[in-house]
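Below you'll find the structure, written out as structure tokens, and then a few comments.
The values are calculated or read from the model by the stated rules, or taken from the named source; none is laboratory data. Not measured: the values here are computed from a predicted model. For neighbour counting, all protein chains shown are included, and Cβ atoms are generated from backbone atoms with ideal geometry for every residue, glycine included.
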Amino acid sequence: MKKKKSRFMKAVSVFMVVCFVLFFVAFIPANRFHVVKFVAEKGYARAQYTLGQMYEKGQGVDKDLQEAKKWYQQAAAKGHAEAKTALEAMKK
């Protein structure tokens, strides 16, 4: 029988992911896209928004407005205000 993760262990896991991301983003800029995508796929709204920006602007990846919209929508669904604003701007 699997035990449920305690709140403490969940917090430790989140902390470790954040440290991992900060290390790679800060010290290895060439890997930024891959790190942000990894975290976005885990469901973190801020990373989803950032990934949307990267696709919209073509930063570290080919420009792809459909992919940008997809990531903005996922972040907006979690209540990310800037993602909602970005979606509104894309409609214009």
Residue list for the stretch 28-44, filter: more than 22 Å from THR85 (Cβ to Cβ), assigned to a helix (DSSP H, G or I) and among the basic types (Lys, Arg): ARG32
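Okay, residues lined up against (1) surrounded by fewer than 19 Cβ atoms within 10 Å (Cβ to Cβ); (2) at pLDDT 90 or above:
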| position | (1), (2) |
| --- | --- |
| HIS34 | yes, no |
| GLY43 | yes, yes |
| TYR49 | no, yes |
| GLY52 | no, yes |
In this structure, does ALA81 turn out to be surrounded by 12 or more Cβ atoms within 10 Å (Cβ to Cβ) and at pLDDT 95 or above? no
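Give the stretch 45-84 a look and list any residue that's outside any helix (DSSP H, G or I), among the small types (Gly, Ala, Ser) and either touching a strand residue (DSSP E or B) at 6+ places or on another chain (Cβ under 6 Å) or without any contact (Cβ under 8 Å) to a residue 24 or more places away in the chain (or both), or say none. Spell out the reasoning first.
Start the filter on the stretch 45-84 by keeping residues that are outside any helix (DSSP H, G or I), which leaves 58-64, 78-80.
Now drop any that are not among the small types (Gly, Ala, Ser), which leaves 58, 60, 79.
Selection gives GLY58 alone.
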Please specify each residue of the stretch 54-73 satisfying the condition of being modelled with pLDDT under 95 and of a type in the set (S, T, N, Q). GLN59
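May I ask you to verify whether ALA76 is at pLDDT 95 or above and surrounded by 16 or more Cβ atoms within 10 Å (Cβ to Cβ)?
On the way: at pLDDT 95 or above: yes; surrounded by 16 or more Cβ atoms within 10 Å (Cβ to Cβ): yes.
It is true that ALA76 is at pLDDT 95 or above and surrounded by 16 or more Cβ atoms within 10 Å (Cβ to Cβ).
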